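**Student:** Take a look at this one; I'll ask things after.
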Amino acid sequence: MELNAVEKEIDGLLGKSGFYLQTYRSLDAFNLLQQAEAKLAGNDIQPPVKTAVYRQMADCQIQMGKMEEGINYLKRCYECTEDDDSKAAAAGLISTYYLQLGKKEEALDYAEKALATARSSELLSRPYQIQGAIAGKEGDYLKAIERMTLAAEKAEQAHCLTDLAMIIMDMSAVFVKMGKLETALSEVYRAERYVKESRNFDLYQRCAIRRAKILYKMGRDEEAKNLIITLDEQKIG
């Protein structure tokens, strides 16, 4: 894509603001992004350039703790982009942030939008996971497992091992709520296999703690205690 003179100026501002965002200097990034956004008005700017400005501004707002403002910029990304997967990625993020705010209806709306446009397996995984999480919160455990199973399948197809492990952990939590502790424990073991393959030690610790909690619920106190001791020793080491 060939950039015109104004777009090149915007691209330069985005490069600098991106560096500031990476180093958590959000106010410095915000000042540059305001300049970039001002150049969008009254100029012939291509949609990908507009999308890049809105996306960075969304990241900046969220980094500053302004979630609603960040969501509004992501909505501009969603409306502006012409690529299906980019549209799905924006919708997935909007859905994720709405879920964090506890706005379930809005989260479901954008999860459905993401599913309607996504083409890659990686982008299909998160919306299914969000649908499952909301179903679980509402007590519809069978639907939660169904949606999360779809999410896990898509994450596995995309070889997103960390995402896959986290989805399986969510499934384990639902099985605990259902009182199916053996199944919940089995799911934690399954998650741990993917965590080890991805070499994510922090997530492995979370899996182990979840496993210990389930073991306690099952009355297997000694196993749970030994597991926690092993984790403590690994931290010390």
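**Student:** Can you tell me which of K196, K154 is surrounded by 15 or more Cβ atoms within 10 Å (Cβ to Cβ) and closer than 19 Å to T96 by Cα?
**Tutor:** K154
**Student:** Okay, moving on. For region 34-57, indicate whether the set of residues that are under 16 Å from G15 (Cβ atoms), part of a loop (DSSP other than H, G, I, E, B) and among the basic types (K, R) is non-empty.
**Tutor:** Yes: one or more hits.
**Student:** State the number of residues belonging to region 210-231 that are touching a residue at least 24 places away in the same chain (Cβ under 8 Å) and open to solvent by less than 60 Å² (accessible area, probe 1.4 Å).
**Tutor:** 5
**Student:** For region 36-56, enumerate the residues that are buried (at least 16 other Cβ atoms within 10 Å of the Cβ) and over 18 Å from S86 (Cβ atoms).
**Tutor:** Correct list: A36, E37, K39.
**Student:** Which residues, taken from region 167-180, are more than 17 Å from A212 (Cα to Cα) and buried (at least 23 other Cβ atoms within 10 Å of the Cβ)?
**Tutor:** Matches in region 167-180: I167 only.
**Student:** Continuing with the same structure: Any residue that is within 20 Å of P127 (Cα to Cα) and either touching a residue at least 24 places away in the same chain (Cβ under 8 Å) or in contact with a Cys (Cβ under 6 Å, 6 or more places away or on another chain) (or both) - is there at least one of those in region 36-57?
**Tutor:** Yes, the conditions are met somewhere in region 36-57.
The values are calculated or read from the model by the stated rules, or taken from the named source; none is laboratory data. Values in this document were obtained by computation on a predicted structure and should not be read as measured data. Please note: Cβ atoms are built from the backbone with ideal geometry, for glycine as well, and neighbour counts cover all protein chains shown. Surface accessibility is based on the protein's heavy atoms, side chains included, excluding ligands, DNA and RNA. Shrake-Rupley method; radii C 1.70, N 1.55, O 1.52, S 1.80 Å.
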